[in-house]
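The values are calculated or read from the model by the stated rules, or taken from the named source; none is laboratory data. The model shown is predicted, which means the values in this text are computed figures rather than measured ones. With ideal geometry, Cβ positions are generated from the backbone for all residues, glycine too; neighbour counts draw on all protein chains shown. SASA here: full protein model, heavy atoms, side chains in, ligands and nucleic acids out. Shrake-Rupley method; radii C 1.70, N 1.55, O 1.52, S 1.80 Å.
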Amino acid sequence: MASGGYGRGGRGAALLQALNTPVRKPGQEDNGVQVTNGKPVSTPVGRGAYLANLLQASKQTEAPSQPKVGGYGDAEAAIAMMGRGMPQPQPPIPSTGRGVLQQQPQQPPPGQPPPARAMGRGMAALAFLKEGTSQPSAEQPPAPSPHRPHHTPSPPQERMTPSPPERRTPPTPPSGGMATMSLEEKDRRVVHMSGTQGKPMPLSANYIRVICRNDAVYQYAVSFNPEIDSRNLRYKLVAEHKDDIIGQTMAFDGAILYLPKRLDLETVMRSTRITDGAEITIRVKLVKVLPPQSCVQLYNVIFRRIMNILSMVPVGRHNYDPRHPAQIPQHRLEVWPGYITAINEHEGGLLLLADVSHRVLRTETVLDVIGRIIQANRRGFQEDCIKAIVGVTVLTRYNNKTYRVDDIAWDKNPRSTFTATSTGEPMTFVEYYKKNHNKQIEDFEQPLLIHRPKKREQGANRLEVICLIPEFSYMTGLTDEIRSDFRVMKDIASHTRVTPEQRVNSMRKFIDNVNTTDRARQQLEQWGLELQKDTIELQGRLFPQEKILYKERSEPSGNQADWGRSATQEKCILGVELKVWMVVFTHRDQKRASDYIDQTRRVAGPMGINVQDPQRVQLNDDRTDTFLTAIRANMNPRVQMVVVIFPTSRDDRYNAIKKLCCVECPVPSQVIISKTIGNPSKLRSVTQKITLQINCKLGGELWAVEMPMKTAMIVGIDVYHDSPRGSRSVAGFVASMSKSATRWYSRTCIQGPGEELISGLKMCLIEAIKKYHSVNHGLPDRIFVFRDGVGDGQLPTVAGYEVEQLSDCFYHFGEAYQPRLSVIIVQKRINTRIFARVQSQGRTFLDNPPPGTVMDHTITRRDWYDFFLVSQHVRQGTVSPTHYVVVHDGSGLKPDQMQRLAYKLTHMYYNWPGTVRVPAPCQYAHKLAYLVGQNIRKDAAIELSDRLFYL
Amino acid sequence: MAEGVKREITLENEGTLGGPKFDPPLYKQRYKKVADVLKGYAVKTVVDYGCAECKVLNYFKNVPSIEYIAGVDINRSVLESSRFLAKPLITDYLHRRARPLDIHLLCGSVTEFDSRVARVDAVTMIEIIEHLEEPTLQDFPVSVFQRIGPKIAVITTPNSEFNVLFHDFSGKRHWDHKFEWSRAEFQEWCNRVGEQYGYTVSYSGVGEGPKGSEHLGCCSQMAVFERQSETPVVNFTETEEVHRYALVGEYTHPHKENNYTREEQLLFEVQYALGFLTKGNLSDPEDTIDIPLAKLHRFIKLKDTCQDVESFRAFLIQAGYVISNDGLSVIVEMPTSDSDDDLSDNTQEEEPSSTVVAKKDAGTVWSMTCEECWD
């Protein structure tokens, strides 16, 4: 297959080849036609989407002929793929375990040119090597990947695809960077998907309208003759013509020039190179006339300049004002106030998003931290230091660089020597810092910090290890340890928590600052831009309160969407009788345990749950092993529930118990920390909550809201990323099994390095549909997937490739089965804020909007079907809306209904008697993924999958 | 440097001339050496002529005594493109200098007078005089030594004797050099100037050559002019503010402003130490923890307020801390987490919960009486 194209051995070759092959667009190809006729279907799009498409194309073409390949980077996979092009029958792969069919091996008809695939640089190189050296292996059938999930072969089937997503970017040829970003903007239509239901609400948001006065922005390509390599020199040569040709306003990156004014189609300028007197010819060619609101990138650059003019300092992605920090000396912290700004073309035109942001900085050196740890724990300090320091990013003052600390070298100190790269002579760190940075090390006894640069950071001299001096390294950022200390977080919050009114006031101050600072304002004026004085005014809608349905009565959800009281007073929809259960506790907690049991039996009745007396297991000590042994000894198949009372909270003990109860002998479990049930005045309310939680874990149902769809299945997906340990991610998957979305089936998939999440999710979806069928004796005719944890950059991939992959699952249930699939991305970490405009005592002020407020126009995305929903109620600070992007909608629901569905689902999280920030399935999926990823690190037993054991 | 002369933007680098290698690079050694001179004289204010890429600022910034730096160059665009180097870094804010520091970047010629740089303690001209046209070379000593009349002036310039060590070398080290002096030529010029304006001059060099080339001197030669009299011999006569230089950038660096009394600082230390020492006990069932006074005292850095445990105990009692009956430890009350629904199955929900508000709104309009069907 690789016909010499790899000669150059790299990404370029692979790309080139990919370019020559038909690019398949999701949802456009017709059961493999493009594979067989080999005619390129030209569907170029913008660069990002284009690359995504390449990726898709490669995956689509490899999927049919080859059982799933685990990793993209590993050698076996490469071999397998090399073999794939050959038209040869696939050997059936035996089914492994209880899994079901996954893939439909489908051969390209013999004699057809093998489809080419794009691959990453490493892959291409690897393939090239393989081709040269191990030709025979390339002929062999694909080797099963070690990560491969269960497969059974199934006969080739016709592949059908769902309707294409609503909006696709129209074709543009692939080409580089800034040049094309604007091309694709041309005839895209703005997506308007708004609802009408609900009470009109006067709202505002943290957006400021940007008025464009100019007709256009002109884009030019600049070339130099002779060629000039230095970007600085290019800039300088062009800038020399500011007075005669270019004008005072320009944005030039070395190749592409943006001007607010029109020059001739081609302008030739001449400059002299100062170093050698050579004459340089500069050709400026008009490439494009852009509508002014589309030059978002350019404007964001301008805003960076403005921030600079306003003396704001960029830290990370935002800008902060270091001149007025709030000090928190008791924690050695500083809080810098700052702003988030982003200018974008929204549904309602060009808007500037501005928000208050805070940056917490630390004022300690690593040496300070080490010193303190030693003081606190003279014996075990090394371990404590590793915990506190390894993994953090430090800032070195002498060169203003940041490094991640990978290790601590206790056997080294500043007087240790290393070989200087320049001279090859040994040199001590003391000498080095004195000589190179003019820094005197004071403490000669400190250990050294080790940073191992990644390959790409190593730079020219290929340093494998960089030693840093703790004395010169400043701690940055908050560690998890600090975050878990609520005393610190409380003090930080007192500086960072702001009300809507304060938030908007500081935004107004910012706008005012821009408008009154001449140099800043000029930056905008040059391009014909003007900021409106105040935040945007909007009309939103408020959905009516939902009715919370209990077994016997129903209740409105209340203004604050909080039904904590009625949840403990009303009979829940389905109370599971607690007949056989055990309570495990240490002898010290005997009294508390007994009080708790009595209280449980008292409070459970009114909630409609029968509770029998449990088996009490008293332990003599609090060792983890003692707990485990006791549970094992008393376990039998009739036990419904294990309640464990911990004397103190300890992660290792918690993990061990959860592993035992979720994997080894599957039984729902509830851990209670003794302190929680230690306060007699709170015991009643605490016990009520625990009892509800236990009921959920047994498969009970607490409350419901009206669900106006009979045969819909609602799916929630969230991913847990194991960041400190790196590679492994866990996806949690839950699917509703009842009409009222009160029962949930759950699965997880643990994603190995290089594995694709979607393949695991497909399997989860198939399992869920099967389960739905066995519970409801019918297949769901609508499937809603709410997916959390997807960034903006991945939206096109999810909308295209992943939707198609999920749709593939349906063929397992017969050709006739074509449920209507909708995929909704749920984003909760967003900078958008929505405020309610409230009239009071003759003036308007801004407040948090009540739960159920929806905003679906003007500030929404220009190119997506999306909306913002405020579902939770907060008592302090500013509420965050949640952003829903409907990337694929086959449901036929109106926007109103889609928004209502999302809002209804935020009522259904059983661990909280109120609305939550995301739909319950996402919250459940999050909880599940966290438990599996953080605590048990294995898939939970299948026996538990029909209940909320992970709550 | 005469008007209109534009210099190549890239820094001169002797390392590229194929001669002896310098480590650290010679320009760094030069800057460090000049900064050391300023440190030695405890200079407070300095003007650097020909500061071009502003890299020297980083060295001057680290001289603790310095409170004002003016970087002057004739080439505005190079100042503009390097001015970010004059800005305070993030670390400068987090770990502040003891003294204030202002940096001005000014565009102008050494022969012009500007009152902003009129009273500086020191003038530095690093590898700059060799770029000056003859008339400017004639004129600038007047403005530097007469009108400014600093306590010290530091001038460095290439040592032309060293050039024989560069391989295949002819001409000058940089295309814009108007001349390169031998040590004798440089010293002759300096002595004459020093004598004229009342300065004593001492000489040294930067960048030693390889063994056996000692007779050639260093790669760069340096002259330090020290004013003989306490006050400038001929003080400048202009009394008004004269601003002939164009201001390209103005940066105020943060410095430590101590808003806290000694006691307050000590209290913060105590709070921090207690927070640190009780960190592991946050989830313990006990509501209070005893921290031995001696241990806490060891932890405190600011010991001058209470040097022994006795006075420390008195300080703590006065600050409202509870001391155990035996007087040996401080009793810390462990705050309980705000969230009272911590069901410990790690069910800390995102909602900061407090007491459940269940005021029933009598006036709630119940608009959804009949549910629609979306099927």
- Which listed residue is within 12 Å of chain B (Cβ to nearest Cβ) and in contact (Cβ under 8 Å) with a residue 60 or more places away in the chain, from A:Asp863, A:Asp896: A:Asp896
- Which listed residue, of B:Asp139, B:Asp176, B:Asp121, is farther than 30 Å from B:Tyr41 by Cα and out of contact with any Cys (no Cβ under 6 Å at 6 or more places or on another chain): B:Asp176
- Hey, can you tell me all the residues within segment A:899-925 that are assigned to a loop (DSSP other than H, G, I, E, B), of a type in the set (A, V, I, L, M) and within 9 Å of chain B (Cβ to nearest Cβ)? A:Val916
- Note on the structure: Within segment B:253-266, residues in a strand (DSSP E or B) and at pLDDT below 90 come out as B:His255
- Residues of segment A:478-499 being open to solvent by 30 Å² or more (accessible area, probe 1.4 Å) and under 16 Å from A:Val394 (Cβ atoms), in sequence order, are A:Leu478, A:Glu481
- Residue satisfying all of: in segment A:599-616; in a helix (DSSP H, G or I) and among the β-branched types (Val, Ile, Thr); nearest to A:Lys579 (Cα to Cα) among these: A:Thr600
- If you go through segment B:367-374 one residue at a time, do you hit one that is modelled with pLDDT of 75 or more, more than 11 Å from every other protein chain (Cβ to nearest Cβ) and over 40 Å from the mean Cα position of the chain (by Cα)? no
- Item | Qualifying positions in segment B:134-161 - in a strand (DSSP E or B) and among the aliphatic types (A, V, I, L, M) | B:Ile152, B:Ala153, B:Val154, B:Ile155
- Task: Could you grab me the full set of residues in segment A:696-706 that are in contact with a strand residue (DSSP E or B) (Cβ under 9 Å, 6 or more places away or on another chain) and within 13 Å of chain B (Cβ to nearest Cβ)?
- Result: A:Lys697, A:Ala704, A:Val705, A:Glu706
- Item | Candidates A:Ser566, A:Ser506 - the one that is open to solvent by less than 20 Å² (accessible area, probe 1.4 Å) and either farther than 27 Å from A:Pro200 by Cβ or not polar (S, T, N, Q) (or both) | A:Ser566
- So, of the residues in segment A:577-601 that are open to solvent by 10 Å² or more (accessible area, probe 1.4 Å) and free of Cβ contacts under 8 Å to residues at least 24 places away in the same chain, which turns out to be nearest to A:Gln688 (Cα to Cα)? A:Arg601
- Residues located in segment A:871-893, provided they are out of contact with any Phe, Trp or Tyr (no Cβ under 9 Å at 6 or more places or on another chain), within 9 Å of chain B (Cβ to nearest Cβ), touching a residue at least 12 places away in the same chain (Cβ under 8 Å) and closer than 21 Å to A:Pro544 by Cα: A:Gln872, A:His873, A:Val874
- Message: Which residue is nearest to A:Cys212 (Cα to Cα), if the candidates are limited to segment A:278-317 and must be more than 13 Å from every other protein chain (Cβ to nearest Cβ), under 33 Å from the mean Cα position of the chain (by Cα) and open to solvent by 30 Å² or more (accessible area, probe 1.4 Å)?
- Response: A:Gln293
- Please find, among A:Arg452, A:Arg397, the residue that is more than 30 Å from A:His358 (Cβ to Cβ) and among the basic types (Lys, Arg). A:Arg452
- Item | Selection count where residues are within 19 Å of A:His192 (Cβ to Cβ) and open to solvent by less than 10 Å² (accessible area, probe 1.4 Å), scope segment A:850-867 | 8
- Breaking point among (1) at pLDDT 95 or above; (2) over 23 Å from A:Gly195 (Cα atoms), for A:Arg541: (2)
- Just for segment B:67-98: of the residues that are under 11 Å from the mean Cα position of the chain (by Cα) and among the acidic types (Asp, Glu), which one is least open to solvent (accessible area, probe 1.4 Å)? B:Asp92
- Message: Among (1) touching a residue at least 60 places away in the same chain (Cβ under 8 Å); (2) open to solvent by 60 Å² or more (accessible area, probe 1.4 Å); (3) of a type outside the set (Gly, Ala, Ser), there is one condition B:Pro64 misses while meeting the rest; what is its number?
- Response: (1)
- Do we have any residue at all in segment A:839-849 that's farther than 30 Å from A:Tyr654 by Cβ, open to solvent by less than 10 Å² (accessible area, probe 1.4 Å) and either part of a strand (DSSP E or B) or away from chain B (no Cβ under 13 Å) (or both)? yes
- Message: Restricting to segment B:105-118, name every residue that is among the charged types (D, E, K, R) and open to solvent by less than 10 Å² (accessible area, probe 1.4 Å).
- Response: B:Asp114
- Item | Spans of strands (runs of 3 or more DSSP E) in segment A:194-311 with at least 2 residues under 30 Å from A:Gly540 (Cα atoms) and touching a residue at least 12 places away in the same chain (Cβ under 8 Å) | A:199-205, A:207-212
- With the condition kept exactly as written, say whether any residue in segment A:926-943 is open to solvent by less than 10 Å² (accessible area, probe 1.4 Å) and either aromatic (Phe, Trp, Tyr) or not in a helix (DSSP H, G or I) (or both). no
- Filter segment A:261-277 for residues that are closer than 21 Å to A:Leu529 by Cα and either open to solvent by less than 30 Å² (accessible area, probe 1.4 Å) or within 14 Å of chain B (Cβ to nearest Cβ) (or both) and give the result. A:Leu263
- Going through (1) outside any helix (DSSP H, G or I); (2) crowded, with 20+ Cβ neighbours inside 10 Å; (3) within 14 Å of chain B (Cβ to nearest Cβ); (4) not polar (S, T, N, Q) one by one, A:Gly540 fails only at (3)
- Task: Quick one: which residue in B:Asp121, B:Asp168, B:Asp102 is at positive phi, in contact (Cβ under 8 Å) with a residue 40 or more places away in the chain, open to solvent by 20 Å² or more (accessible area, probe 1.4 Å) and not aromatic (Phe, Trp, Tyr)?
- Result: B:Asp168
- Selection count where residues are under 30 Å from the mean Cα position of the chain (by Cα), among the polar types (S, T, N, Q) and open to solvent by 10 Å² or more (accessible area, probe 1.4 Å), scope segment B:144-165: 1
- Task: Would you mind stating whether A:Glu383 is open to solvent by 20 Å² or more (accessible area, probe 1.4 Å), modelled with pLDDT of 85 or more, farther than 16 Å from A:Asp406 by Cβ and within 14 Å of another protein chain (Cβ to nearest Cβ)?
- Result: yes
- Query: Residue check, A:Thr648 against (1) away from chain B (no Cβ under 14 Å); (2) part of a loop (DSSP other than H, G, I, E, B); (3) not small (Gly, Ala, Ser), all met but one. Which one?
  - Reply: (1)
